[in-house]
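Data first, discussion second: the structure below is written as structure tokens.
The values are calculated or read from the model by the stated rules, or taken from the named source; none is laboratory data. Just so we're clear, the structure is a prediction, and the values are computed from it rather than from any experiment. Neighbour counts run over all protein chains shown; Cβ positions are idealised from the backbone, glycine included.
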Amino acid sequence: MAMQFQDHDGAKTFGTSQGILQFLMRRAAISGLLMALIVLVVISALISDAFLSPYNLINVLRQVALYGIVSIGLTFVILTAGIDLSVGSIVAVVSVSTAMLLNIGVPVPVVILAGLAAGTAFGLINGLGITLLQIPPFIMTLGAMVMLRGFALTLADGRPIDVTSTANNFSWIGGANMAGMPVAVWIFLAVAALSFLVLHYTDFGRHIYAVGSNAEAARLSGINVPATKLGVYTISGLLAGLTALIFVSRLTVGEPTAGTGLELEAIAIVVIGGASLFGGVGGVVGTTIGACILAVLANMMNLVGISPFTQQIVKGAIIIVAVSLEVLRRRR
Amino acid sequence: MTQQRARIVTVIGAGGLTLLATASIAVAQDDPLKGVDLSKKCKIGFSQGTMNHPWRVAMTEGNRKWAAEHLPNVDLVITDGQNSSAKQVSDVESLLAQNIDVLMISPLTEQALTPVVKDAMAAGIPVIALDRKVNTDVTTYITAQNEPIARQAGEFFVDKLAGKGNIIQIEGTAGASSAVERKRGFEEVIATHPDMKIVATQNADYLRENAAKFMEDVLQRFGPGQINGVYAHNDEMALGAIKAIEAAGRQKEIMVTGLDGQNNAIQAVADGKLFATFTFPYVAPEGVEYAYLACIGKPMKGDVTLNSATITVDNVKDWVGKGF
């Protein structure tokens with residue numbers, strides 16, 4: 001994905017020389033990441049014959065898409081120096097309710113809208129708690145994470161909700177292919193493209209970077225900080241709802257345990273993609289490459305037969321290494 | 001190990017040609033691979049749903065070790081779903097990408113794994129389901145069955161108590177299909193003997209501590225001589241009950257049975273503390289055996305029911321260390 005970065009948005013927000021510096025640094029970060037991804041792909045192809053087979057590559061892309069959508073939502077949030085721990089639980093609640101709606105015969109378009117609306121609503125509630133009630137994002141979304149998980153379990157009575165009869169109309173989202181690629185991948189690309197445009201070509205996007213870099217300075221320059229924050233949490237919830245729809249479609253079941261650990265996976269992706277948890281740094285391109293890196297890594301380790309426990313150790317190490325490289329690079 | 005276990009093969013699946021020479025309807029088979037040519041190379045993928053219980057570890061390790069020892073031409077690739085069906089689905093996709101000849105799977109949940117198993121079957125890859133099933137046809141489904149084992153336990157109680165006595169039942173997790181079945185089978189048998197009564201029953205969630213607490217209360221409720229036997233839905237709860245009974249000093253008058261065949265329970269039988277336990281076979285090495293049969297073109301189509309053995313002090317020495 002070759003992307004051209006515009007000089008002007010950096011210049012507008014931060015002043016000319018700093019803007020150019022930011023632009024160059026962003027480019028260096030992205031190309032560094034891209035190099036890491038390429039190296040990983042080459043190693044995987046060398047280690048395993050199965051890696052480059054079309055079936056396997058499609059699997060990898062699908063994994064990128066499944067985690068990537070939520071990660072993009074989290075990118076919005078992390079850019080404002082916030083955090084959203086509740087995305088996994090939002091996926092669970094929307095999964096369960098989607099399955100239940102399908103089973104009572106609600107038409108598919110309505111189910112889709114309902115799922116997106118539910119995700120948006122939960123995101124909005126997070127945002128309101130953080131802006132109106134001034135609850136720190138970590139605490140608010142932690143509480144939401146626990147509550148929503150309990151809510152999902154209550155709704156589903158602890159059991160998975162099978163979607164059998166209406167699966168045919170719905171399974172195309174997660175299961176089918178369109179022009180050779182899984183529908184989920186197309187959805188991800190659309191979300192990524194849209195998010196890129198929002199972040200780099202709209203005022204809202206510029207405000208997000210501003211709030212993340214320095215919330216006080218942003219406020220003093222007239223940016224509506226609470227509205228911006230409300231927006232990013234809502235987006236995060238919305239994308240979690242979308243992910244839930246894809247999950248239900250793919251597995252043909254709504255599980256109250258869906259999305260367990262998803263938030264940490266997404267945070268890892270965003271952070272490896274070069275975002276700073278202190279806000280202001282990061283973007284869709286970085287997150288996408290981060291998602292690709294983790295997906296290829298997991299796939300490669302699976303194909304080679306590395307135990308899942310060892311895989312976890314490796315993944316954690318990668319996260320730490322990636323972030324320390326990023327910190328070192330920024331210090332220079 | 002395979003010689004000592006009697007397995008009754010029940011072919012329920014309809015259609016398809018059963019190429020396997022020795023199998024037909026309801027024939028006892030000790031060793032599915034007896035006399036079979038083991039020279040063909042096979043790549044078998046085994047997707048396990050979770051390894052969070054020793055029984056599942058025994059299933060996985062049992063198949064792995066047996067294949068390593070007895071099937072030198074088999075490359076067995078094992079994945080662990082880590083208690084997430086989403087992960088298990090992508091594990092299966094990953095196995096399929098490695099061009100396996102046969103898929104062995106113990107699905108975490110029925111429905112979530114159904115689409116991907118359907119894909120595998122449609123692609124001509126035989127699927128062997130272990131212990132749990134999916135909502136689509138598979139080549140072979142191998143499991144032990146809770147209800148028959150529970151009935152076996154019921155008959156055991158009738159026999160040992162000579163058709164008369166008070167029984168305490170300690171049940172597994174409420175709503176779990178295994179608990180429901182282990183209760184139903186047992187109560188079915190007891191109901192036909194009017195002098196045998198289940199005087200108290202409680203669900204202890206398959207946990208040792210819960211069972212011990214319940215047993216303590218029961219021992220208070222029913223004085224000496226009023227309890228003859230305890231039927232626990234699993235070994236852990238049986239061991240908990242024993243703790244309470246020994247503390248009250250009433251072990252001589254109460255017989256306790258477990259279920260599963262854990263090594264600590266087998267040892268307890270050998271030590272004379274646990275009266276008996278009923279094994280719940282963990283589908284090893286049957287899993288990889290039937291997978292190999294499918295690979296060489298002689299699949300056992302249908303359901304294979306694994307029999308349970310009753311372990312008492314009479315045969316315990318054959319079983320020590322063979323549990324999980």
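Some notes on this structure:
- Residue that is farthest from the other protein chains (Cβ to nearest Cβ) [pool: residues in region A:247-269 that are assigned to a helix (DSSP H, G or I) and of a type outside the set (A, V, I, L, M, F, W, C)]: A:Glu263
- Check on A:Ser48, hydroxyl-bearing (Ser, Thr, Tyr), away from every other protein chain (no Cβ under 14 Å) and touching a Leu at 6+ places or on another chain (Cβ under 8 Å): no
- Candidates are the residues of region A:270-307 that are touching a Gly at 6+ places or on another chain (Cβ under 9 Å) and surrounded by fewer than 20 Cβ atoms within 10 Å (Cβ to Cβ); the one that is nearest to the other protein chains (Cβ to nearest Cβ) is A:Ser276.
- From the list B:Asn63, B:Asn52, the lone residue that is at pLDDT 55 or above and surrounded by fewer than 16 Cβ atoms within 10 Å (Cβ to Cβ) is B:Asn52.
- Verdict on B:Gly185 being under 17 Å from the mean Cα position of the chain (by Cα) and buried (at least 23 other Cβ atoms within 10 Å of the Cβ): no
- Hey, A:Leu262 touching a residue at least 12 places away in the same chain (Cβ under 8 Å) and either within 28 Å of B:Met51 (Cα to Cα) or not aromatic (Phe, Trp, Tyr) (or both) or not: yes
- Any hit, region B:164-182, residues being more than 22 Å from B:Ser47 (Cα to Cα), basic (Lys, Arg) and either buried (at least 23 other Cβ atoms within 10 Å of the Cβ) or modelled with pLDDT of 95 or more (or both): yes
- Considering residues of region B:76-88 that are in a helix (DSSP H, G or I) and out of contact with any Lys or Arg (no Cβ under 9 Å at 6 or more places or on another chain) only, the residue nearest to the other protein chains (Cβ to nearest Cβ): B:Ser85
- Inside region B:89-143, residues that are polar (S, T, N, Q) and either assigned to a helix (DSSP H, G or I) or at the interface with chain A (Cβ under 10 Å from one of its Cβ atoms) (or both) make up a count of 8.
- Criterion (surrounded by 24 or more Cβ atoms within 10 Å (Cβ to Cβ), at pLDDT 95 or above and small (Gly, Ala, Ser)) met by exactly one of B:Ala211, B:Ala232: B:Ala232
- Residues in region B:188-204 that are surrounded by 18 or more Cβ atoms within 10 Å (Cβ to Cβ) and under 28 Å from A:Gly158 (Cα atoms): B:Ala200, B:Asn203, B:Ala204.
- Matching residues in region B:38-75 - criterion: being under 22 Å from A:Gln312 (Cα atoms) and not in a helix (DSSP H, G or I): B:Gly45, B:Phe46, B:Ser47, B:Gln48, B:Gly49, B:Thr50, B:Met51, B:Asn52, B:His53
- Cross-chain or 6+ apart pairs with Cβ under 7 Å, region B:98-118 first and farther than 18 Å from B:Ile44 by Cα and at pLDDT below 90, then assigned to a strand (DSSP E or B) and not β-branched (Val, Ile, Thr): B:Gln111/A:Asp162
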